[in-house]
Structure formats: C-alpha cells, structure tokens
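One structure is given below, encoded as structure tokens.
The values are calculated or read from the model by the stated rules, or taken from the named source; none is laboratory data. These numbers were taken from a predicted model, which means no experiment stands behind them. Here the Cβ is made from the backbone with ideal geometry for all residues, glycine too, and neighbour counts use every protein chain on show. Heavy atoms of the whole protein, side chains included, go into the accessibility calculation; ligands, DNA and RNA do not. Shrake-Rupley method; radii C 1.70, N 1.55, O 1.52, S 1.80 Å.
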Amino acid sequence: MTLHTTDSVCAITGSQPANLRRWYRSGLITRSDIQQGWNDVQLGEIQSMMQVTASGATQNEISQAHLEARAVNTAGWMGRKGDLIWQLEYGSDRSLYRELRTLADSFSGDDFINSLMRPLSRWLYDDKRCGADRRLARFHHCVMKRASLNMRHSARNKATPLVLLQALSVADETEIWLEAIRLGGQGFSVDITRFTMDATDGYEHHMLWCGAGISEASHQHYHDDKAAGKPVMLCGPDRSITKPLKRRLRSA
C-alpha cells in the first residue's frame, strides 16, 4: 500500500499539519500507524474533510454528523464570522485569541483567510457603528499576534521555503499580516518588510504585495528583477500602476 508523508498530504490536499492532527485525534480519519505515513484510504478521508470544511463547517459539527450518521448541518462562514464578532465585542483577549487559533487550526490556510478573515477584516474597516474602532484594533492586534507566532515557529523549521513578503502598498494595515498567515498555512516561512530591500539573498521567493496599486518605479524594478531571473512575483488585490501626483504651480 502506498504511504504518503504529512508534507505530501498537505501539498496534495491543501490541508495543514494541524488540521490532520485534530481530525486524526477526533476519529474523523481512520486509525493506523501514521508514523509510517498516511495511506490511500486516509488520503481520501482527508480530501473529503477538506471539501466539507471549505463550507465553513467546524470539527464539532462534522463529528456530530458522523456520530448521528447524517449530513453535516453548519452555520457556515457566516456563523464563524458571528463567533469572532461576538468575541471582539464581549470576549477577553485570551478567549478571542483562543477562538481565532481554533478556527485557524480547523481549516486550510486559504479557506481560513479568503473565506473568513479577509471578508471580516473588510467588514470591520467599513463599520461605522459605536465601538467600531475598538473592535478593529482588537482584531488587528489578534491577527498580528497569530502571524508573528506562526513566523517564529516556521523560522525554527529549516526545511521550510523562505519567503520575503514586501508590502509595496496596503489598503489597510491588517491585510499584509493576513497574507503572512495564509502563506504560513501553505508551509512557507515568511518574513515581512515594508522597506525596499535589494538584498534578498537567502529567500527562495520574493513576493511584492500590492494592496493599493504599485508605483511606476517599483513596477519597473519588478520587471528588471524578473528579467534577471530572480524569484520575484507580484501579489495582492490591486496591482494597477499609480501615477505620481503632480504639483500645481501657483500663478505669479
């Protein structure tokens, strides 16, 4: 029987090692000696779990459905968003971070960020109701804490590919930290910088984050590096070229 390493399973399915550990301990993946690797039956179960969790279903909801031999009933991503908003409004710092950590460990990095955290971040930044600034500040601090812990943890694993994530522009202060969490979920070790760094030796990938456009000079620099064979790429939601503001001349 073919056996797959944890790294291979994560690459194939998009899951995280933390996902596999939690699902295995809870009995959602068939028991076997996983020290030797994951077999094909387990790989199929992991792929099925990825499909279900992509809807926003939690491990508890999936476990209850398995126990009762029925389809999974879930509040989905709207329910997960509501859980975090409640914590932002009423929870302690400890309970808020515990909720975020549990959610981060329950879903793939892409699903967690793209389906939950980024939509919630945009909602919080647009919110104008009473207490909006306090909720946004708590959210930003919690995201930064999660990203920083992830980066310190992955830095200790010398086998992970190194990524320099450079923020050329941001639409909000949280988005670059969310991207660091997403990349960490894909198995990368991430360093963040907001400064121009010509020396990128030691990094296997140099990612230029464009959250609010890219200047003509930075865009040309990117093309020069790419033409020189450097491992550089543009990412982010807004890669349009921004024009420099022209100064108005006062009439004499």
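What the table below lists for this structure:
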| read-out | value |
| --- | --- |
| Count of segment 53-67 residues which are within 18 Å of Asp83 (Cβ to Cβ) and either open to solvent by 40 Å² or more (accessible area, probe 1.4 Å) or assigned to a helix (DSSP H, G or I) (or both) | 9 |
| Pairs where the first residue, in segment 200-224, is without any contact (Cβ under 8 Å) to a residue 60 or more places away in the chain and the second is assigned to a helix (DSSP H, G or I) and open to solvent by 50 Å² or more (accessible area, probe 1.4 Å), C-beta under 6 Å, 6+ apart | none |
| Residue that is most open to solvent (accessible area, probe 1.4 Å), among those in segment 219-242 that are of a type outside the set (D, E, K, R), closer than 28 Å to Pro119 by Cβ and not in a strand (DSSP E or B) | Pro237 |
| Count of segment 150-177 residues which are closer than 19 Å to Arg118 by Cα and open to solvent by 60 Å² or more (accessible area, probe 1.4 Å) | 2 |
| Any helices (runs of 4 or more DSSP H) falling wholly within segment 79-194 and containing at least 1 residues that are touching a Phe, Trp or Tyr at 6+ places or on another chain (Cβ under 7 Å) and charged (D, E, K, R) | 132-155, 175-185 |
| All positions within segment 35-44 that are open to solvent by 50 Å² or more (accessible area, probe 1.4 Å) and free of Cβ contacts under 8 Å to residues at least 24 places away in the same chain | Gln35, Val41 |
| Flag if Ala180 is open to solvent by less than 30 Å² (accessible area, probe 1.4 Å) and either free of Cβ contacts under 8 Å to residues at least 12 places away in the same chain or among the acidic types (Asp, Glu) (or both) | no |
| Residue match in segment 70-78 (condition: modelled with pLDDT of 95 or more and touching a helix residue (DSSP H, G or I) at 6+ places or on another chain (Cβ under 6 Å)) | yes |
